[in-house]
Amino acid sequence: MITKFEIEGLLLIDPRKFHDERGYFFESFNTDKYHEILGVDHVFVQDNVSVSKKNVLRGLHFQHPPMAQGKLVSVLNGSVIDVAVDIRKDSPTYGQHCMVELSRENGLQFWIPPGFAHGFLALEDETVFNYKCTNYYSPNHEETLLWDDVDLKINWPIQNPIISNKDLVGKIFSNFETTFITK
């Protein structure tokens, strides 16, 4: 099942699960099926996994073109609040965000195309977060928006998360000049 949002391009994917007395099985990725869902122009070239303690907040990260990344994200263990912020300058939803809960239990996948800043808050210890990326990591193209910027109006369910030094000094949205446009 596919859920679309008011912010064009974002998709919540609920893969078909096969349950029995042993647990469940599902296909987490199939090139043909995901080309049908996302379009053939999205090819995944790198997988990443992060493990986080409860209350760790990572983000809001993105890479500028030509190294922009689309991300298909999911949680293998634990749970997160996942956020995507539209940073496409000519988008009618520029600066707006979408927030979803991803967990091992719900097995949902969140598609975040290029043109979005992304971050998440781990809700449990040993949360294992999986990213399938459409481009390689490039530190020269990476940028971070400030996770608690008042202009973004993200209602994170925490006051004092555990944050990296890089994320503490993210760019303020009102000073941000995007390089993304909608297609």
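Excluding same-chain neighbours fewer than eight residues apart, the lysines reachable from K33 by a Cα-Cα span under 22 Å are K4, K17, K71, K132. Over the range 124-183, Cα pairs under 8 Å with separation of 6+ residues give a relative contact order of 39 percent. Amide H contacts for E124 (H built 1.01 Å from N in the peptide plane; partners 5 or more residues away or on another chain; cut-off under 5 Å): N55, S79. Karplus-derived 3J(HN,Hα) values for the range 22-35, using 6.51 cos²θ - 1.76 cosθ + 1.60 with θ = phi - 60°, are 8, x, 8, 9, 8, 8, 7, 7, 8, 3, 4, 5, 6, 5 Hz; glycine and proline are entered as x. When peptides 103-112, 81-90 are sorted by average Cβ neighbour count within 10 Å, with the highest value leading, the order is 81-90, 103-112.
Across q = 0.10, 0.17 Å⁻¹, the range 60-183 modelled as identical point scatterers on its alpha-carbon atoms has Debye log10 I(q)/I(0) values of -0.29, -0.88, in the order of the q list.
Laboratory data are not the source of any read-out in this text; all were calculated from the coordinates shown. For clarity, every value in this text was computed on a predicted model and none was experimentally measured. We place every Cβ from the backbone using ideal geometry, glycine too, and count neighbours over all the protein chains shown.
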